[in-house]
Amino acid sequence: MKNNKIKGFLLGFMALCAIFSATFALYGTTNAEDSTFKPEEAGSQSSFVLRDYEGYVAVFIEGEPDLPTTVTDIQVKTLREFDRLLLETGMKVESHERLVMILEDFGS
């Protein structure tokens, strides 16, 4: 009898923990999505510039060269020499679609 009460208490406690965990996970995901850079929100007229930033491929908005909007996990040293040279001077990208294609290529 006492063993069943302990099992019931533990089961209820675990269910409560699962509910809290799910609530905080969803809350954290919602906030992370709000703060994530979305290049399509930068405006249809914006161009992007890909450059080396502390050894990683980074996305800059054209005309705003000081701080990247996104720093990828793609290490510049893993790229082909030609791509590394392009990133030294900055690779201008005209559209979000093209940006995604180039980053996918660099990441593969």
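Quick note: the coordinates plus some simple rules give every number you see, no bench work behind them. Computed from a prediction, not measured in an experiment: that's the story for all the values here. Glycine also receives a Cβ, built like all others from the backbone with ideal geometry; neighbour counts cover every protein chain displayed.
General observations
- Pair list, Cβ under 8 Å, 6 or more apart: region 68-96 residue assigned to a loop (DSSP other than H, G, I, E, B), other residue among the polar types (S, T, N, Q): E94/S47
- Subset of region 80-91 that is out of contact with any strand residue (DSSP E or B) (no Cβ under 6 Å at 6 or more places or on another chain) and buried (at least 16 other Cβ atoms within 10 Å of the Cβ) - its residue that is farthest from I102 (Cα to Cα): L86
- The set of residues in region 57-79 being among the small types (G, A, S) and surrounded by 15 or more Cβ atoms within 10 Å (Cβ to Cβ) consists of A58 alone.
- Subset of region 97-108 (residues that are in a helix (DSSP H, G or I) and either among the hydroxyl-bearing types (S, T, Y) or buried (at least 17 other Cβ atoms within 10 Å of the Cβ) (or both)): L99, I102, L103, F106
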